[in-house]
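Novice: This is the structure I have questions about; it appears just below.
Only the coordinates and a few stated rules stand behind these numbers; no lab work does. Predicted model only: the values in this text are computed from it and were never measured. Methodologically, a virtual Cβ is constructed for each residue, glycine included, from the backbone with ideal geometry; neighbour enumeration extends over all protein chains shown.
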C-alpha cells in the first residue's frame, strides 16, 4: 500500500502529539514539521527523523505531502489551511475551524476549490463512550431526543495558556457544541447564553458560560463551561454529557478515568482517554482521530467530522458569544 507523506504545521504540545501519531502509523511517513520557533520544530523533527521548517509556506513548496495537520493557535488557522489546500494537501485541522465565520468560509472555499479533504478534529467523536452512545441514540434506542446537557470545566491554567488567542466557548465547550449538533440530529435554530466574569476580568476573559440551544427537531440542549478550577483539583477536566429521550437516556461521565493515584503530593487521576502516553506510545482518542483521517485519505472517502460540521459548530459558538455579549436571544441564519 502507498505510504502517505505527512507533515504538521504548529508543533507546540498538541502538534507534537500529531507528529507522534503520524510517526507511529504504518500508513504514513512523517517527513516534515513547521513552526515559527525553529528550535521547537527541530526538536520534534529530530525525534522522528523529519525535516524542520520555520515557515510552513516553504515546507509546502519543498515537500510533496499527502496529509498535513494544522495545529496552530485557534486564531491562526486560516493562512496555513488555505495554503495547504492550494498545494493540494489533505488537511486535518484542529478545532475550532477558526474563530471567525468569514475566516472559516475562506478555508471551506479553498478546500472545495482545490478538491482536498478537510476534517476538523473534534476528538469526542472518537471516544468509544460517545460513539456507542450516539449509535444507540441514532438507532432510535431512546426514542426522540428531548434534552441534552453538557458540562466541560477545566483548570484556570487553561485560561492563562489559551485565552491569549481564543475564548472559552471556541476553545473548550465547542467540543460539546459539536456533540449536541450531532445528537440532536436537526439544525440549531436559536441560542441564548450568559457569562460570568470574576478571576479573569483583568485579562478580558470570561470565567464561565451557561447556554441553551434550541433545535429545529424540537429538542433543546443546555451547556455549562468554565476554566477556573485550581491546580489542586484531582482531575484537570470535569466532563459530562447526558441525553434524555422519550423512551430512555444515555449518560457519558468522563470526570473519572478509572485510575486514581495517591501520593504525598495528593490525589491524581490521569487522563487515559484523550492523548495518554502509555508504555511510551501515544494512545487514546487523538490517535484514533488521526488514524481515521489517514484511512479516509488512503481510501479516498470523505471524513467525518467534515469542514461543514466544523463551520456549524463555530456558527453556534459565535451566536452564543454574541448572545452573552448582548443579553439577547440569537436566531441562527439571520
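Novice: Hey, could you get me the Stokes-Einstein D for the range 177-217, Kirkwood radius over alpha-carbon pairs, 10 °C and 1.306 mPa s, rounded to whole µm² s⁻¹?
Specialist: Working: Rh = 11.8 Å.
The estimated diffusion coefficient comes to 135 µm²/s.
Novice: At 4 °C and 1.567 mPa s, grab the translational diffusion coefficient of the range 1-122 from Stokes-Einstein with a Kirkwood Rh over Cα pairs, rounded to a whole number in µm² per second. Present the calculation step by step, with values, prior to reporting the outcome.
Specialist: Details: Rh = 13.9 Å.
Estimated diffusion coefficient is 93 µm²/s.
Novice: Test of understanding: in a Gaussian network model of the chain with alpha carbons linked when under 10 Å, which of 310, 264, 88 would top the mean-square fluctuation ranking?
Specialist: The residue with the greatest mean-square fluctuation here is 264.
Novice: Just need the relative contact order of the range 21-89 here, percent rounded to a whole number, with Cα pairs under 8 Å and 6+ apart. Don't skip to the answer; put the middle values down first.
Specialist: Details: 73 pairs, mean separation 16.9, N = 69.
Once normalised by length, the contact order is 25 percent.
Novice: Taking the Cα atoms only, what angle lies between the long axis of helix 128-138 and the longest principal axis of the chain, rounded to 10 degrees?
Specialist: Long axis of 128-138 versus the principal axis of the chain: about 60 degrees.
Novice: Calculate the length of the line joining the C-alpha centroid of the range 1-79 to that of the range 271-312, in whole Å.
Specialist: 16
Novice: Report the extension gain between residue 244 and residue 259 in nm, rounded to one decimal, defined as 0.36 nm multiplied by the number of residues separating them, less their alpha carbon distance. Before the final figure, lay out each step's value.
Specialist: Numbers: separation 15, 0.36 × 15 = 5.40 nm, distance 2.83 nm.
Gain in length upon complete extension: 2.6 nm.
Novice: Normalised by the residues of the chain, what does the relative contact order come to in percent, with Cα pairs under 8 Å and at least six apart?
Specialist: Details: 705 pairs, mean separation 62.2, N = 334.
That works out to 19 percent.
Novice: Can you give me the angle between helix 101-113 and the longest principal axis of the chain, using Cα atoms only, in degrees from 0 to 90, rounded to the nearest 10?
Specialist: 50
Novice: Per the Kirkwood definition applied to all pairs of different Cα atoms, how many angstroms is the hydrodynamic radius of the range 97-218?
Specialist: Details: mean 1/r = 0.0599 Å⁻¹.
The Cα-based Kirkwood calculation yields 16.7 Å.
Novice: Once every DSSP H run of n ≥ 4 in the chain is given -39500 (n - 2.57) and the sum is divided by its residues, what mean residue ellipticity at 222 nm do you get, rounded to the nearest 500 deg cm²/dmol?
Specialist: On the way: 10 runs with 116 residues, N = 334.
So the calculated ellipticity at 222 nm is -10500 deg cm²/dmol.
Novice: What distance in nm lies between label points placed 7 Å from Cα along the C-beta direction at residue 224 and residue 308?
Specialist: 3.5
Novice: Let me ask something additional. Which one is right for this structure if percent of Cα pairs over 36 Å apart is calculated from it: [x] 14; [y] 18; [z] 25?
Specialist: Answer by label: [y].
Novice: Report the normalised scattering of the range 203-332 as log10 I(q)/I(0) at q = 0.12, 0.14, 0.16, 0.18 Å⁻¹, calculated by the Debye formula with identical scatterers on the alpha carbons.
Specialist: Here the Debye-derived log intensity ratios amount to -0.77, -1.02, -1.22, -1.31.
Novice: How big is the antiparallel share of DSSP beta bridges in the chain, given as a percent to the nearest 5? Let's see the in-between values first.
Specialist: Numbers: 37 of 67 bridges.
Within the chain, antiparallel bridges account for around 55 percent of the total.
Novice: Hey, another quick one. I need 292, 130 ordered by Cβ neighbour count within 10 Å, fewest first.
Specialist: Details: 292 15, 130 22.
So the ranking, lowest neighbour count to highest, is 292, 130.
Novice: For the range 158-312, what relative contact order do you get, as a whole percent, if you take Cα pairs closer than 8 Å and at least 6 residues apart? Write out the running numbers ahead of the final one.
Specialist: On the way: 177 pairs, mean separation 21.2, N = 155.
Once divided by the residue count of the range 158-312, the mean separation gives 14 percent.
Novice: Relative to the longest principal axis of the chain, what angle (0 to 90°, nearest 10) does the C-alpha long axis of helix 13-24 take?
Specialist: Value to nearest ten degrees: 60.
Novice: Here is a follow-up. What's the percent breakdown of Cα-Cα distances in the range 291-334 across 10 Å bins, shortest bin first?
Specialist: Going out from 0 Å in 10 Å bins, the range 291-334 shows 26, 32, 20, 18, 5 percent.
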